[in-house]
Ligand SMILES: Nc1ncnc2c1ncn2[C@@H]1O[C@H](COP(=O)(O)OP(=O)(O)OP(=O)(O)O)[C@@H](O)[C@H]1O
Ligand SMILES: [Mg+2]
């Protein structure tokens, strides 16, 4: 016979082994991710296997109410009756334990006041005593209860207490794990939903971008078409303008040459007639006086003829300057100030006669790579106008030629006189060929037209009349420091 202490130790060992096997079974179920009811049921069954005199029940607490998590050996009708009941100070063993957060031991369901509302459900199934312990989460919140039901009025044994000490944390782990999984699932679902929303937004954004891009392309195409149309119209206008200018030019040239050549023609016919008549009389005796008169007439006629032809030749010479021929204009590097001084020197006699003051405000450091001759010609034409149209009616007066850098690559020259100014209604015409307000005084109206052709066609700039000029006439010339390689057609 073995000593009593050996038997006790053996019993102890087998209990520990039982507890460990229960613990392992449940933890494994949790680890492999079994559903919660399945794990809790396993716990109850394992418990009941180790202690055949009890029936286990695990209730889960949700928002103040209790629901069965597992109770594999309790009658379904009983669990259904208990499901959804509120916790409280007198809510059976489980409802009260969950309410007060402590184990509740009812050894006589039939008479214990805590079971007043529930005993009618329990007694018909032979449930006489119930010991319920709260299940806590790791942070101390109550997750539910673990209860043992007995078929007789009694309390738990030491073994029961030990089993419950192990089982409640196991149930807590399983419940918490499930809740964490559920929270994680919800988080993932939320993430998936927000991803879907973002995806949808992206799609609608892409669609909008595609629509806008299409719209933009359409508008660009329309704009390009409109631009082409505009260019075509501009070219047509330009051609039409050229034709108008050309016909003005032809009319002007014809008008200018008509008088001297017409005179020359009339005169030459008269001279021929005189010669004819003289020849007929040459056979007959002739008086010396007739001879002298004939020679005098011839001489005078030839002089007038020569003068008319000289006028015609002079006018043809001026017409030649209208078309700026860059191939014969030489391009050089020169100091603007020196070119302006050359022009001023030419005008000294006229300036003195008109008692007019010429003021130069041209920096000495402006160096041009351009056409000096045509530039001086342009300045002369403008200066000539200032003296002949602006200042001719008054005594004294002044002209000022100034220059400055407009940008890093352009300069602005301004020729300002203090004369009578150009009437507003003719300002737009002064650059037209043959426009003059003094035709009867022998002016041909080509000076500013030539100046315009030089500036626009050769120097690569712009010439204009300052409409804001309050006193006299201001002519503004803006040209690049370096003239274009290929001059534009004027
Ligand atoms: N500084 C000025 N002051 C007043 N009127 C001017 C001035 N410059 C030009 N004009 C006006 O502009 C017209 C055109 O000038 P433009 O130099 O082209 O021709 P013109 O001087 O009349 O003739 P041309 O220069 O061929 O001898 C002039 O007839 C004159 O009416
Ligand atoms: Mg002129």
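Taken together, the values in this text are just the output of simple stated rules run on the coordinates, not laboratory data. All values reported here derive from a predicted model rather than from experimental measurement. Every residue, glycine as well, gets a Cβ built from its backbone with ideal geometry; the counts of neighbours run over all protein chains shown.
Name the shape class, rounded, prolate or oblate, that the alpha-carbon gyration tensor gives for segment 87-161, where a ≥ b ≥ c are the square roots of its eigenvalues, rounded holds for a/c under 1.5, and otherwise prolate holds if a/b is larger than b/c and oblate otherwise.
Judged from the Cα gyration tensor, segment 87-161 comes out oblate (a/c at least 1.5, b/c at or above a/b).
What's the ranking of 363-372, 130-139, 53-62 by average number of surrounding C-beta atoms within 10 Å, highest first?
Going by the mean number of other Cβ atoms within 10 Å, highest first, we get 53-62, 130-139, 363-372.
What's the Kirkwood radius of segment 9-58 in Å, using all Cα pairs?
Result for segment 9-58, one decimal place: 11.5 Å.
Classify segment 4-187 as rounded, prolate or oblate, taking a ≥ b ≥ c as the square roots of the eigenvalues of its Cα gyration tensor: rounded when a/c is under 1.5, otherwise prolate if a/b is larger than b/c and oblate if not. Intermediate values should be presented prior to the final figure.
Numbers: a/c = 1.78, a/b = 1.04, b/c = 1.71.
Oblate shape, in that a/c is at least 1.5 and b/c is the bigger or equal ratio.
What is the gain in length, in nm to one decimal, between residue 469 and residue 265 on full extension, counting 0.36 nm per residue of separation less the C-alpha to C-alpha distance? Before the final figure, lay out each step's value.
Numbers: separation 204, 0.36 × 204 = 73.44 nm, distance 4.74 nm.
Net length gain for the segment: 68.7 nm.
Compute the semi-axes of the equivalent ellipsoid of the chain, taking the square root of 5 times each eigenvalue of the Cα gyration tensor, and list them largest first in whole Å. If you can, show how the numbers build up before the last one.
Numbers: eigenvalues 3526, 119, 83 Å².
Taking √(5λ) for each eigenvalue gives 133, 24, 20 Å, largest first.
If you line up the long axis of helix 158-281 against the longest principal axis of the chain, both from Cα atoms, how many degrees apart are they, to the nearest 10?
Value to nearest ten degrees: 10.
Which residues in segment 123-142 have a backbone N closer than 17 Å to a point placed 7 Å from the Cα of residue 177 along the Cα-to-Cβ line?
136-139
Could you work out the relative contact order of the chain? I mean the mean sequence separation of Cα pairs under 8 Å and 6+ apart, divided by the number of residues, in percent.
Details: 669 pairs, mean separation 41.7, N = 490.
It comes to 9 percent, rounded to a whole number.
Once the Cβ-Cβ distance between residue 230 and residue 313 is put in as r, and R0 is 60 Å, what FRET efficiency do you end up with, to the nearest 0.05?
Values: r = 45 Å, r/R0 = 0.75.
Efficiency at R0 = 60 Å is approximately 0.85.
Go ahead and estimate [θ] at 222 nm for the chain from helices alone: -39,500 (n - 2.57) per DSSP H run with n ≥ 4, summed, over the residue count, rounded to 500.
-19000 deg cm²/dmol
On C-alpha positions alone, give me the angle between the axis of helix 288-322 and the longest principal axis of the chain, in degrees, nearest 10.
With rounding to tens, the tilt is 10 degrees.
Rounded to the nearest 0.05, what FRET efficiency is calculated for residue 186 and residue 80 with R0 set to 35 Å and r the Cβ-Cβ distance?
The value I calculate is 0.80.
With a/c under 1.5 counting as rounded, go ahead and sort segment 430-478 into rounded, prolate or oblate using the C-alpha gyration tensor (a ≥ b ≥ c being the square roots of the eigenvalues; past the cut-off, prolate if a/b is larger than b/c, else oblate).
Oblate is the answer for segment 430-478, as a/c is 1.5 or above yet b/c matches or exceeds a/b.
Over segment 331-480, calculate the relative contact order: mean separation of alpha carbon pairs under 8 Å at least 6 apart, over the residue count, as a percent. Intermediate results must be reported in sequence, preceding the final value.
Working: 264 pairs, mean separation 35.0, N = 150.
Reported relative contact order: 23 percent.
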